[in-house]
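In what follows, a single structure is set out as structure tokens and then discussed.
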């Protein structure tokens with residue numbers, strides 16, 4: 001996800017370039033708009049990314065799609081016309097245009113993908129999960145465990161019944 005912007009940096013402020021993103025992990029599809037600014041290039045990105053996750057219920061690994069959208073300014077390090085180094089940006093976390101006048105949006109895509117990731121992803125909405133007693137994946141098979149809800153007020157009596165049967 002590398003874009004050579006040397007021509008764009010020589011253009012007047014406000015010049016726009018549009019690109020379609022080719023599938024490249026993690027991006028499935030998307031588009032990028034590069035806009036010349038006084039200090040660099042504004043990158044606007046809309047993309048569908050493929051995420052890897054583990055189901056919060058059954059713990060099975062699976063992949064799912066998320067949509068990300070961001071606008072970030074990439075700051076120049078070198079003046080294109082003179083070749084002189086420019087002072088570093090005040091923001092230490094700023095995205096930079098490389099010394100070869102290239103923008104790599106890979107790190108921005110990674111950061112925005114991480115923030116878009118589901119906190120508790122599910123492999124499917126009706127995933128039954130795993131049995132808390134025996135650990136059986138309930139989407140594969142049922143188990144014989146008694147998972148009836150226990151009223152904590154009767155828990156002492158349930159303990160007596162187990163002692164009598166046991």
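Where strands (runs of 3 or more DSSP E) sit wholly within region 1-93, those with at least 1 residues that are under 30 Å from residue 136 (Cα atoms) occupy 40-54, 61-75. If only residues of region 116-154 that are surrounded by fewer than 10 Cβ atoms within 10 Å (Cβ to Cβ) and within 30 Å of residue 66 (Cβ to Cβ) are counted, the one that is modelled with the lowest pLDDT is 132.
Counting only residues that are surrounded by 15 or more Cβ atoms within 10 Å (Cβ to Cβ) and either modelled with pLDDT of 90 or more or under 26 Å from the mean Cα position of the chain (by Cα) (or both), region 77-95 holds 1 of them. Kindly indicate whether residue 113 is in a helix (DSSP H, G or I), at pLDDT 85 or above and either surrounded by 10 or more Cβ atoms within 10 Å (Cβ to Cβ) or not assigned by TED's automatic domain parsing to the domain that holds residue 61 (or both). Judged against the criteria, residue 113 is a match. Considering only residues that are under 17 Å from the mean Cα position of the chain (by Cα) and loosely packed, with under 13 Cβ neighbours inside 10 Å, which ones fall in region 3-48? Answer for region 3-48, where residues must be under 17 Å from the mean Cα position of the chain (by Cα) and loosely packed, with under 13 Cβ neighbours inside 10 Å: 23, 24, 25, 31. Is it the case that region 49-63 has a residue that's in contact (Cβ under 8 Å) with a residue 24 or more places away in the chain, more than 11 Å from the chain's Cα centre (by Cα), within 30 Å of residue 10 (Cα to Cα) and surrounded by fewer than 18 Cβ atoms within 10 Å (Cβ to Cβ)? No, the conditions are met nowhere in region 49-63.
The values are calculated or read from the model by the stated rules, or taken from the named source; none is laboratory data. What you see is a predicted model, and the numbers here were worked out from it, not measured in a lab. Positions of Cβ are generated from backbone atoms using ideal geometry, with glycine treated the same way; all protein chains shown enter the neighbour counts.
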